[in-house]
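Contents: one structure, followed by commentary.
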Amino acid sequence: MERLRIGCVMSDIYFPMDDTQYIGHAWKCLHEAVLLQGHEVLTIALRVYDELGLRAQGGVPDDLDGYAFVAPQPDCPELFRTLRHGLPTVLIGSKLALPGSDCVDVDNRRVGQLAAEQFLKAGHERVAFVTTSPLQVSSMERHAGLKGGYLLAGKPPESVRYYGLNGFAPIEDATELEEDLAQDWKTIEYFGWHANPGVMDAFLHKLAEDGVTALLAFNDQDARMLTDHLIRAGRRVPSDVSVIGVDNIGRYVLGTPRLTSIGQNVPQICRVAVRLLLARIQNPSAEPQVILVQPSLHERGSVVPP
């Protein structure tokens, strides 16, 4: 069997160093999937920050057999350059469906639907999707799945709110927060949960004012941040506010209280991605495929009746 050289393309060198987030986890699982097939994998970082915050830009070499882009941005110039050169490519965590490439992602609408099922079963009438990445397609799809689950159950549209926590509100019924929340939220230290108390108090007050009793967070990191701030403000989780995260990352979900989470099944996503990429290397002109992997619920008791 010919030994192929596969490039794993990351937006930033930070991600492979932190497998407590989706992208770092995908990097690890992709390497495992490629190596198990007997091939070689090379990590390619498109940018690097040094200790002073200065940036070094990198590029994608064109002498590899195939390329796996992990969570690429829609405007990534290196992705389009790779495709223009006709190089076999697979996109992980994306549905761009560009000519000459295949895509593998979690079914994000199903993520929202799973959360809706849990919240409805517990009797929550007013819930919200909360994200620090409101312009990402995955945020919009998870919100759509959550809202769709409530509409399917005969609940009114206002049952589901959308909070974008960096000042953007891309969905029609999104609730816009104070503009300065954007800067303060970005300064939160994830391991110390530091934020401007006044700004966070304003956000938590908005939750209470809207009558929200359950939250689906964009990921486990956001879920743990929100949980910590709720508890600091005297709100009990899950007695006062139920919380569900996404990714099922142990560092965040196994704290106190333990958090229910919806896993993306990243190992399966990466195995499918490698299979598609190897097939595209053999047949570069094949029609693009978009494959959605089903998420899974990991229940830990953070959803209870309001």
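The values are calculated or read from the model by the stated rules, or taken from the named source; none is laboratory data. Just so you know, these numbers come straight off a predicted model, no measurement behind them. Don't worry about glycine lacking a Cβ; one is built from the backbone with ideal geometry, like all the others, and counts go over all protein chains shown.
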Kindly check whether there is at least one residue in the stretch 130-143 that is hydrophobic (A, V, I, L, M, F, W, C), in contact with a helix residue (DSSP H, G or I) (Cβ under 6 Å, 6 or more places away or on another chain) and either over 23 Å from A208 (Cβ atoms) or surrounded by 23 or more Cβ atoms within 10 Å (Cβ to Cβ) (or both).
no
Counted residues in the stretch 254-290 being among the β-branched types (V, I, T) and over 28 Å from F119 (Cβ atoms) come to 4
Could you check P295 against (1) farther than 30 Å from S242 by Cα; (2) within 15 Å of the chain's Cα centre (by Cα); (3) not hydroxyl-bearing (S, T, Y) and say which number it fails?
(1)
Return the pair list, or none, for Cβ contacts closer than 8 Å from residues in the stretch 276-292 that are farther than 10 Å from G66 by Cα and in contact (Cβ under 8 Å) with a residue 60 or more places away in the chain to residues that are of a type in the set (S, T, N, Q) and buried (at least 18 other Cβ atoms within 10 Å of the Cβ), at least 6 apart or on different chains.
P288/S101
Of the listed residues (T213, T175), the one being modelled with pLDDT of 90 or more, closer than 27 Å to V304 by Cβ and either surrounded by 19 or more Cβ atoms within 10 Å (Cβ to Cβ) or under 22 Å from the mean Cα position of the chain (by Cα) (or both) is T213
With a cut-off of at least 3 residues that are basic (K, R), name the helices (runs of 4 or more DSSP H) lying wholly within the stretch 64-173.
108-122
Considering only the stretch 74-86, I want to know if a residue exists there that is buried (at least 17 other Cβ atoms within 10 Å of the Cβ) and either of a type in the set (S, T, Y) or at pLDDT below 90 (or both).
yes
